[in-house]
Each structure stands twice: as C-alpha cells, then as structure tokens.
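Remarks on the structure that follows.
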2 protein chains.
Amino acid sequence: MKDDTITLDHGSGGKVAHQFISDAVLPLFDDPALRCLDDGAVLETRGGRIAFSTDTYVVDPVFFPGGNIGDLAVNGTVNDLAMCGAVPLYLSAAMIIEEGFLRRDFDRILAAMQKAARTACVRIVTGDTKVVPKGALDKIFINTAGIGVIPDGIHVSGGNARIEDRVLVSGTLADHGITILTLREGLRFESSLQSDTVPLNHMVAEMLENFGRDIHVLRDPTRGGVGTTLNEIAESSGVAIRIHEDRLPVKAAVAGACELLGLDPLYIANEGKFVAIVAPEIAFQVLDMMHAHPLGGDSRIIGEVVAADLAPVVMITRIGGTRIVDMPMGAPLPRIC
Amino acid sequence: MKDDTITLDHGSGGKVAHQFISDAVLPLFDDPALRCLDDGAVLETRGGRIAFSTDTYVVDPVFFPGGNIGDLAVNGTVNDLAMCGAVPLYLSAAMIIEEGFLRRDFDRILAAMQKAARTACVRIVTGDTKVVPKGALDKIFINTAGIGVIPDGIHVSGGNARIEDRVLVSGTLADHGITILTLREGLRFESSLQSDTVPLNHMVAEMLENFGRDIHVLRDPTRGGVGTTLNEIAESSGVAIRIHEDRLPVKAAVAGACELLGLDPLYIANEGKFVAIVAPEIAFQVLDMMHAHPLGGDSRIIGEVVAADLAPVVMITRIGGTRIVDMPMGAPLPRIC
C-alpha cells in the first residue's frame, strides 16, 4: 500500500478500505447515520412530500478556479432538490476513483465536500467507494443523490409557468462553463474567470417562505444553460417565453471569452444560478429579495411568459430584432460538470 | 448522430439527449414522478424511519451469465435497503457511459433494469445520463441510490448481534464473484457458473413480518464476501462469531474453480445472498421459512455468536481444527460488482 495514492485496495471492502473510511472519511463527515457503516443510512422523516434527485459529476479538470469536483457534486444535488421546492436534508456520496489518484487530491476533494455540505446545511449520511484499475476511468467521478422535504403549500414544477409570469435569473450567466472550458483548453483570457458553484437552497427557501405558491417554476440552468432550460419549461408548460438580450447579466470577462470562442452564454452551464418564473404581481418584490441576498446581487427580470410566439423561446435583441432561442442539438462541451 | 452508438450528444441536455430520454428511457420506466422531467422526483411519504443507500456498479464484463450491469445495479441497491430492514420503494439511476458504447447494449441494460425493478416492486423515479469522451471511462458504470421505508418495530443493524444468536446464510457462496472472474480471465471450468444477482427484499420482508425484533442483523456479503461481512458484524457488535466449514453451502463448480485458482469462497462476492443473525430460539423456524422461499432453498445455519474467541471470526474446519477467518487486507478482484 502506497500512502500517497489511492490503490485498488482502498475500494475493496477489506482492511485497507475500512481503515481508509475510518481515517479519511468519517472524521470529516461525522454523522450518526454514517458512523453505523450499515448497508444504508436509517433516517427519521415526518411524512409528506419529499424530493429525490441524483447526478454524477465528471468534470475535467477536477480542480478549477472557484471550486473542485467535490463541492460541485454537493452543491449540484443540493440545488436540484431546491429547484423542486424542497429543503435539502440528506445526501449520499458515491466516489469512483482511478487507481493511482493522489491521496492528497482526494483529501482536498473530501474537504470541499465537507465544507459545501456544512454551508448548505445538509448531512452526508451514506456513501460508496469504488476504485477501478488505471485506465478504466479518468481520475475521479462522483455521484451524489439527495433527499429533501417539500413544505406544505409549495408547488414548483417545470410545467407550472403561466401566461404573463415573469422570468428571473439569479445572477450572471455562463461563469462555470466558460471557466472550465478556458482552463481545459489552456486559454488564459482573464484571471477573473471563476466557477459560480454555490448552494442555492437558502435563497430559494427565503423566496418560498415569502411568496409560496406564487413561485411557479424553479430550475437551475446547468448543462445546456439558460437557453435549454427555458425551452424545457416552455415545452412542459405549453407556453412561449420571451427574453430580452439587453437584460441578460453576463460578466465582461465571460462575454469576451464567449465572443472569442464563438459561444453563446445562453447555452453555457451555470452551477450557482437559477431561473425563477413567478406571478407578475410579485416579480419586483422577488427581485428585491434576491438582490438583498448575498448570492443574488446580479439578479434580473429577463423576460415574460406569453401564450405563443415564433418559437417556444424568442429573444428581443439589443437592436430590437427577434431571434429564436432554439434548443441546441447536442453539447459543444463534454465533462463540464 | 449515429443511431447505433451512444454519442456525447446523448448526455448533453440538448435535443438529442431529450429525444433519447423520451425514446429509450421513459417508455421502459413509465412513472409519473419520472415523466415530469423536473430536477428531481416528488414523492409522497408517510413519515417514520426511512433507509437511504447508494452504490456504483463498475462490473467488467458488463454482460455475464445470470445478468448484466443493469439488473445488478437495481438488485444491489434493493438488497442494501432490505438489509436495513426496509421495504425498498424508490430508486434513482445514474448512467455514466463511454462515447461509442453500442446503443443495443445500452437498451439491453435498460431492459434488465426495468425487469429487475418490476420483480423487486420498486419504482425508478429519477435519473441522470452522462456521456464522457472515449477513453475517459471503460464502457459503462451505473450508480443507483434508493429509499425504503422501515416498518415499525424492526431494528436490524450490524451492531445488534448477541451472544448465542445463530448465523444463517440464504444460499450458496461465491457464485457471482467466481462467475465474473472466470469469465474475465477467459477460464471455462464449468458452463454452469452463473451470477446469483436477485432482489432479496421479498424474502427479507417475509422474515421480518414473522419474526420482527428477533432478526438482529441482516447483511448482504457482496465485496469481500461472507468472511469480511462476518468480521464487520463481530466488530460492530463487540462479539465473536464461530462458523463451521462443513455447513458452508458452496456449489461443486464454484468450489472446484476456487480450488484451482487458490481462492477462498468465504471472501468472494455474492449478489443474491444474505447473512442473517437471529435469536437462537427462532433459528430453525427462520431456516424453514427461508427453505420454503424460491430464493432460499440452500439456506443453512452456519454458526453462532459467542462472547469471545481466538479472533473475531473463527471457523471450525472439516477435520475439527480451528482457523482464524481474518478480514482480508485488500481485494484480489477489482470490478467484480
């Protein structure tokens, strides 16, 4: 056993694996449910509606400005639960590691997961570690699944957008995707580029407590970006969505990188932003609340829901023209999250 | 887009990915929660205790006698929930696929997942698909997480073994591990070798309904086999476990393969068997019930819990000697499940 790398034995279920879990994992995620080391976690629940979500994170590179695959994996599932209107409570963490991965890198990833879980106020209660032979996997992938409780009276769904609703985004677009892409391609436009990975559950909880059923849709525009997300919502709700180019918040460095690379920030992944579709009469109050939140300073009302238009999603351009915002065929950017 | 292989676009979140989910996945797993295609599934619960578990399946080869990675992934998490004393209800399925994987192989895997979910009476309610560039992953890995409900009055845990309890196994040892190993190494001892992957939840539910709190420990001896599992239980419960070599059920073909390869069936993975540690007064009744179940015909009482012995787990050999059954350091067999 080499202490500085992860070996097949770390994922074997034998002595080395037990020692590894006891030394590296349990001290960071000290939780009564996890400590039992039974085949699953036993948790008390109150009944009612729960949200259940899963995502695997395969981002390359594993470390990037603003975070690493560990906090990305925790925040991602926390956010998916929040987008269901749920208060995220419990997460599973399943690590899939290539033999030879550096132990110190693994520890950095775990530390980021611990910190992210604490920030989001979720418990990591069950997990799994698989180590595969060198070449069977590129470095490390992480799956997280999560459970959250949906408060009574909350009903958000991609199918709930109504005509005249307003469309808000909680901040600047494309930060995560452009950061990963420029890093991977060895491009160095701007040292200011940074992933936006954060847990959105606290801001969402505040919105739902105050505005309840008037919040109709919540969705985090990760893979596919805001453009794809709006198309999904328009389709699920049987409506059209009109957005305004001059209201889209994009950082100058991100806009510059997009222009140079010929990419549209509307289709680039975000990891710390959400789209909210809300009743028109509360839109400005919601915006004020989002502005007051530390993670929502750049929030904007970017558009409105209409009965029908040229296409499910259209954009009024800066010069007053109309552009169809289609769903892309595929993704130009694999392993972005 | 090539219809016969999985491409990066299938995991992109764009049009191709949406079409793929609509065509390949939704018809097989038709479920109201899944059909919403929101960021997670919304589910009704009654309150009380739930079990939550996760595992990633990285088995190589993906197809093997007795099953494939798909039913293995469903049965594995169903069984982990059952081992917590829970009735498994909901599963997530997160597919991680190498670009170029054959579409027909993917469809076979999905079909096996569908069939396994139906057999186990669980709903696959949420999922994720990631496709990574060729070389970043060997073929396909699947993560499943699951939620089950623990009936009132049931308390099984690795820490609950008591002195004088009896130790049962629900069938023959090492079938899964030896099947994968011989297949992978191109060895052909016996055409009869077959993985034992099955869902154990129905048999476990019957035991728990009839014997309730007298069932103290349930554990499925997957990675590390029965030898490792018994060591974990002995440690968690602060007891010793004595087993009897002449009572261990091992198929002749498996025993032969183990002998030839110098492997001990006690340390080889099972995917359709469990260890139960039960109060002594009900042991024979439990055994009768297991024998009457279609999946428990080869069940045996293999040993008993004692206060202390030479080691946490000892075996009385066929010739009447005593052998220490230690926890192995690592695993001789990566990617077995």
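The values are calculated or read from the model by the stated rules, or taken from the named source; none is laboratory data. Keep in mind that this is a model prediction, so the values were computed, not measured. Note that each Cβ is placed from the backbone with ideal geometry, even for glycine, and that neighbours are counted across all protein chains shown. Accessible surface is based on the protein model in full, side chains and every heavy atom, while ligands, DNA and RNA are left aside. Shrake-Rupley method; radii C 1.70, N 1.55, O 1.52, S 1.80 Å.
Quick notes on this structure:
- Here the Debye sum runs over all C-alpha atoms of chain A as equal scatterers in vacuum, and log10 of I(q)/I(0) at q = 0.10 Å⁻¹ comes out as -0.61.
- Whole-Hz couplings from phi, Karplus 6.51/-1.76/1.60, listed for the stretch A:197-205; x for Gly and Pro: 4, 8, x, 9, 5, 5, 5, 5, 4
- Of all DSSP beta bridges in the protein assembly as shown, antiparallel share, percent nearest 5: 80
- Chain B - mean residue ellipticity at 222 nm from DSSP helices (-39,500 (n - 2.57) per run, n ≥ 4, rounded to 500): -8500 deg cm²/dmol
- Of the trypsin sites (Lys or Arg not before Pro) found in the stretch A:1-64, the ones in coil according to DSSP and having at most 16 other Cβ atoms within 10 Å of their Cβ are A:K2, A:R46.
- Lysines whose Cα lies under 16 Å from that of A:K130, excluding same-chain neighbours fewer than 8 positions away: A:K15, A:K139, B:K139
- q = 0.19, 0.20 Å⁻¹: log10 I(q)/I(0) that the Debye formula gives for the stretch A:166-324, counting C-alpha atoms only: -1.21, -1.31
- Relative to the longest principal axis of the Cα atoms of chain A, helix A:225-237 runs at roughly 70 degrees.
- Between A:A82, A:A240, A:A269, the GNM of chain A built on Cα springs shorter than 10 angstrom shows A:A240 fluctuating the most.
- Nearest-ten-degree value, helix A:252-261 long axis tilted from longest Cα axis of chain A: 90
- Summarising the amide proton neighbourhood of A:R49: residues at separation of 5 or more, or on other chains, whose placed amide H is nearer than 5 Å comprise A:I150, B:T45.
- Across the stretch B:166-324, Cα pairs under 8 Å and at least six residues apart give a relative contact order of 43 percent.
- Enclosing the Cα atoms of the protein assembly as shown in their convex hull gives a volume equal to 141 cubic angstrom per residue.
- Against the main long axis of the alpha-carbon atoms of chain A, helix A:69-83 sits at an angle near 50°.
- Net charge of neighbours whose Cβ lies under 13 Å from the Cβ of B:D138, counting Lys and Arg as +1 and Asp and Glu as -1: 0
- Evaluated with a Cβ-only charge set (Lys, Arg +1; Asp, Glu -1), chain A carries a dipole of roughly 240 debye about its Cα centre, given to the nearest 20.
- Placing a label point 7 Å from the Cα of B:A111 along the Cα-to-Cβ direction, the distances to the matching points in the other copies come to 5.0 nm, shortest first.
- Only Cα pairs under 8 Å and 6+ residues apart enter the sum, and on that basis the relative contact order of chain B stands at 22 percent.
- Taking the label point 7 Å along Cα→Cβ, B:L261 and its counterparts in the other copies are spaced 4.6 nm apart, in ascending order.
- Ellipsoid semi-axes in whole angstrom, largest first, where each is sqrt(5λ) of the Cα gyration tensor of the stretch B:40-149: 26, 14, 12
- Normalised by the number of residues in the stretch A:172-233, the mean separation of alpha-carbon contacts (under 8 Å, six or more apart) gives a relative contact order of 28 percent.
- DSSP bridge orientation in chain A - percent antiparallel, rounded to nearest 5: 75
- For the pair B and A, total buried accessible area rounded to nearest 100 Å², probe 1.4 Å: 5900
- Residue among A:E304, A:E185, A:E99 with the largest mean-square fluctuation in a Gaussian network model of chain A, springs linking Cα atoms under 10 Å: A:E185
- Teacher prompt: A:V306 distances to equivalent labels in other copies, 7 Å Cα→Cβ, nm: 8.3
- Across the accessible surface of the stretch B:166-324, with the other protein chains kept in place and a 1.4 Å probe, carbon and sulfur atoms take up 49 percent.
- Per residue, the solvent-accessible area of chain A (1.4 Å probe, heavy atoms of protein chains only, all protein chains present) comes to 37 Å².
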